[in-house]
Amino acid sequence: MLEERPFVGFLLITDAARAKEFYCDVLGLPLRHEDDFAVVVDAGGTPLRLSIVAEVPEPGGTNAGWLVDDVNASVRALAAAGVRFERFLGMDQDSDGVWRPSREGGGVAWFRDPDGDRLSLSHGF
């Protein structure tokens, strides 16, 4: 039923100006729309609605992510722009913070937006 319908992603934010600075200036996502309720950016052709709320709950996992060609190069580029990547106890992450679940390739790294939403970069999945 929905296989041919466009998908919209949602994340919660508390400060529109701070979110625009992060998503548009740091991550480079184009602004599509802004009103009193949300900021909408273009995430690789998919609208990502950053809904303004009073408080963002701690995520139980990854909220959203991007598929990239080279996760280590993408991590390094974002780290150079000031993005801090997370490390998790018990996970064998490389020097860039990339976890590789198998020897066949692929990898994932996690970071947070200013409101604590957990985001990821991955390839090979």
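Read the figures in this text as sums done on the coordinates, not as results from a lab. The structure presented is a predicted model; accordingly, all values stated were derived computationally and were not measured. As a convention, Cβ positions derive from the backbone with ideal geometry for all residues, glycine included, and neighbour counts pool all protein chains shown.
Structure above, values below:
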| quantity | calculated |
| --- | --- |
| Packing rank of 95-101, 5-11, 19-25, where each peptide gets the mean count of other beta carbons within 10 Å, highest leading | 19-25, 95-101, 5-11 |
| For Ile13, distant residues with modelled amide H under 5 Å away | Ser51, Ile52, Val53 |
| Fraction of alpha-carbon pairs over 25 Å apart in the chain - percent | 27 percent |
| Of Val56, Val71, Val108, the one that fluctuates the most in a GNM where the chain has Cα springs shorter than 10 Å | Val56 |
| Along each principal axis, Cα extent of the stretch 1-53, largest first, Å | 36, 23, 14 |
| For the stretch 4-122, with +1 on Lys and Arg beta carbons and -1 on Asp and Glu, the positive-most of Val83, Cys24, Leu12 along the dipole | Val83 |
